[in-house]
Amino acid sequence: MSINETDDAPVYRSLPSSEFKRRVETLWSRYGECDLCAYDCGVDRTAGKLGTCQVDDTAHVSSYFPHFGEEDCLRGHNGSGTIFLANCNMKCVFCQNFETSHQAMGEPVTPDEIASMSLELQARGCHNINFVSPTHHSPHLVEAIRIARERGLDLPVVWNCGGYERVEILKYLDGIVDIYMPDVKWADDRSAALYSKAPGYWSNIQESLHEMHRQVGDLRMSDGLATGGLLVRHLVMPNHVDSGKRILEFIADELSRDTFVNLMAQYQPHYKARTEEFYADIGRRITSEEYDTLVEHGRDLGLNRLQVDRRHMPA
């Protein structure tokens, strides 16, 4: 059976209940000396202390709905069942959703409530459950998946993240997450620290991508919809084509030339990148030349599933 023709059931359907509960309990304990993401803050979020994500152990959801702006293989005809977690474990100065990711706009929720949201999205015909900015609340989400499974959830789970993960924590998601979808932003630590406040990002993302690919492999499809595997996004940035090239080279050489890679062209200088001179290097849209250079490089590397989309290019 090819990667484009599968009948995968969600992996979490097969995880033994006792193991599911063990994973939940272990992850929940990590809040006490938090090491859920690559920052490894070590703060006791259960005591109300805030991590770099600027939140304690209370999860907040800003919105949830069928999302039609995702890749075709996720949105299908009925949308991707997207649940936006408030706050983020990265602090990108160009974030287009900064009100949610930086300013904590959202309502407090329990795992039971997240499970109910997931089941509602399934009932509305969504093709998957897509957790956006999930990393800093892994315990809540794994518990929500466990509860929702008991109530009939049967959709692939998408881990839609910035890639600033910890391999040790990712291993607890093995057999729970169906589709990893990291937006791999930088291939150099200087830019990652300056623009995303994520020290050591490049070495970290390489390890994380290896682990994600080990768990789920290349992206698999059924009737045009993703059922499992790795989907890598890269938001092409102005003046950072060389970083993009290194990302594509790593994917081709270290992961698989069958990796599904979405080269996104819609960058705009939002938030601080729009107003602060300090970030003038990324204070403009990308050019057609920058985007086409990366497309050509990806094709030269033999990446077979490179998604090219120029609809968002400036006129």
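The values are calculated or read from the model by the stated rules, or taken from the named source; none is laboratory data. Keep in mind that this is a model prediction, so the values were computed, not measured. Cβ sites come from the backbone with ideal geometry, for glycine too, and all protein chains shown count toward neighbours.
Can you pull out every residue in the range 14-37 that is closer than 20 Å to I205 by Cβ and touching a Ser or Thr at 6+ places or on another chain (Cβ under 8 Å)?
L36, C37
A quick yes/no check of all residues on (1) surrounded by 19 or more Cβ atoms within 10 Å (Cβ to Cβ); (2) of a type in the set (G, A, S):
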| position | (1), (2) |
| --- | --- |
| L248 | yes, no |
| D253 | no, no |
| L263 | yes, no |
| A280 | no, yes |
| T287 | no, no |
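Say whether the condition of being touching a helix residue (DSSP H, G or I) at 6+ places or on another chain (Cβ under 6 Å), hydroxyl-bearing (S, T, Y) and closer than 24 Å to R233 by Cα is met by at least one residue in the range 92-113.
Within the range 92-113, none of the residues are touching a helix residue (DSSP H, G or I) at 6+ places or on another chain (Cβ under 6 Å), hydroxyl-bearing (S, T, Y) and closer than 24 Å to R233 by Cα.
Check off (1) within 30 Å of S222 (Cα to Cα); (2) in contact with a Gly (Cβ under 8 Å, 6 or more places away or on another chain); (3) not hydrophobic (A, V, I, L, M, F, W, C) for S116 and give me the number that stays unchecked.
(2)
Can you tell me which residue within the range 207-221, out of those that are of a type outside the set (A, V, I, L, M, F, W, C) and under 16 Å from I169 (Cβ atoms), is surrounded by the most Cβ atoms within 10 Å (Cβ to Cβ)?
Narrowing the range 207-221 to residues of a type outside the set (A, V, I, L, M, F, W, C): 207-208, 210-211, 213-215, 217-218, 220.
Narrowing the set further to residues that are under 16 Å from I169 (Cβ atoms) leaves 207-208, 210-211, 214-215.
Values: E207: 14, S208: 23, H210: 15, E211: 20, R214: 14, Q215: 20.
Here the answer is S208.
Within the range 115-127, identify whether any single residue is in a loop (DSSP other than H, G, I, E, B) and either buried (at least 16 other Cβ atoms within 10 Å of the Cβ) or within 17 Å of the chain's Cα centre (by Cα) (or both), and answer yes or no. Walk me through it before giving the result.
Initially, the range 115-127 is screened for residues in a loop (DSSP other than H, G, I, E, B), giving 124-127.
Add one more test, that the residue is either buried (at least 16 other Cβ atoms within 10 Å of the Cβ) or within 17 Å of the chain's Cα centre (by Cα) (or both), and what stays is 126-127.
Taking every residue of the range 115-127 in turn, at least one turns out to be in a loop (DSSP other than H, G, I, E, B) and either buried (at least 16 other Cβ atoms within 10 Å of the Cβ) or within 17 Å of the chain's Cα centre (by Cα) (or both).
Kindly provide the set of residues from the range 144-171 that are farther than 27 Å from L248 by Cα, of a type outside the set (A, V, I, L, M, F, W, C) and either surrounded by 24 or more Cβ atoms within 10 Å (Cβ to Cβ) or touching a residue at least 60 places away in the same chain (Cβ under 8 Å) (or both), ordered by number.
At the first step, the residues of the range 144-171 found to be farther than 27 Å from L248 by Cα are 144-155.
From what is left, the residues that are of a type outside the set (A, V, I, L, M, F, W, C) are 146, 149-152, 154.
Of everything in the range 144-171, those that are farther than 27 Å from L248 by Cα, of a type outside the set (A, V, I, L, M, F, W, C) and either surrounded by 24 or more Cβ atoms within 10 Å (Cβ to Cβ) or touching a residue at least 60 places away in the same chain (Cβ under 8 Å) (or both) turn out to be R146, R149, D154.
So, in the range 203-220, exactly how many residues are over 15 Å from G162 (Cβ atoms) and touching a helix residue (DSSP H, G or I) at 6+ places or on another chain (Cβ under 6 Å)?
2
Which pairs have Cβ atoms under 6 Å, sit 6 or more apart or on different chains, and link a residue in the range 55-75 that is within 25 Å of V261 (Cβ to Cβ) to one that is aromatic (F, W, Y)?
R75/F68
In the range 148-182, which residues are more than 17 Å from A9 (Cβ to Cβ), in a helix (DSSP H, G or I), in contact with a Leu (Cβ under 7 Å, 6 or more places away or on another chain) and of a type in the set (A, V, I, L, M, F, W, C)?
Residue satisfying the conditions is I169 alone.
Among (1) modelled with pLDDT of 95 or more; (2) surrounded by fewer than 17 Cβ atoms within 10 Å (Cβ to Cβ); (3) not hydroxyl-bearing (S, T, Y), which single condition is W186 missing?
It fails just one condition, (2).
Kindly list the number of the only condition in (1) under 24 Å from V109 (Cα atoms); (2) in contact with a strand residue (DSSP E or B) (Cβ under 6 Å, 6 or more places away or on another chain) that fails for H136.
(2)
Quick check on A192: is it free of Cβ contacts under 8 Å to residues at least 40 places away in the same chain and either over 17 Å from M264 (Cβ atoms) or out of contact with any Leu (no Cβ under 8 Å at 6 or more places or on another chain) (or both)? Give the steps one after another, and end with the answer.
Values: free of Cβ contacts under 8 Å to residues at least 40 places away in the same chain: yes; either over 17 Å from M264 (Cβ atoms) or out of contact with any Leu (no Cβ under 8 Å at 6 or more places or on another chain) (or both): yes.
Criteria met by A192.
Condition check: modelled with pLDDT of 95 or more, more than 22 Å from the chain's Cα centre (by Cα) and surrounded by fewer than 19 Cβ atoms within 10 Å (Cβ to Cβ). Does T293 satisfy that? Don't jump to the end; show me each part of the working.
Values: modelled with pLDDT of 95 or more: yes; more than 22 Å from the chain's Cα centre (by Cα): yes; surrounded by fewer than 19 Cβ atoms within 10 Å (Cβ to Cβ): yes.
Yes: the conditions hold for T293.
Find the residue count for the range 44-84, including only residues that are aliphatic (A, V, I, L, M), buried (at least 20 other Cβ atoms within 10 Å of the Cβ) and over 19 Å from S118 (Cβ atoms).
Residues flagged as aliphatic (A, V, I, L, M), buried (at least 20 other Cβ atoms within 10 Å of the Cβ) and over 19 Å from S118 (Cβ atoms) within the range 44-84 amount to 1.
Pick out the one residue from D309, D258, D292, D223 that is within 24 Å of I179 (Cα to Cα) and free of Cβ contacts under 8 Å to residues at least 24 places away in the same chain.
On the way: D309 fails: free of Cβ contacts under 8 Å to residues at least 24 places away in the same chain; D258 fails: free of Cβ contacts under 8 Å to residues at least 24 places away in the same chain; D292 fails: within 24 Å of I179 (Cα to Cα).
Step by step, each of D309, D258, D292, D223 is checked, and only D223 is within 24 Å of I179 (Cα to Cα) and free of Cβ contacts under 8 Å to residues at least 24 places away in the same chain.
Within the range 28-43, can you find the residues that are outside any loop (DSSP other than H, G, I, E, B), surrounded by 15 or more Cβ atoms within 10 Å (Cβ to Cβ) and of a type in the set (S, T, Y)? Quick ask: steps written out before the conclusion?
In the first step, residues of the range 28-43 are kept if they are outside any loop (DSSP other than H, G, I, E, B); the result is 28-33.
Now drop any that are not surrounded by 15 or more Cβ atoms within 10 Å (Cβ to Cβ), which leaves 28, 30-31.
Listed by number, the list holds a single entry, Y31.
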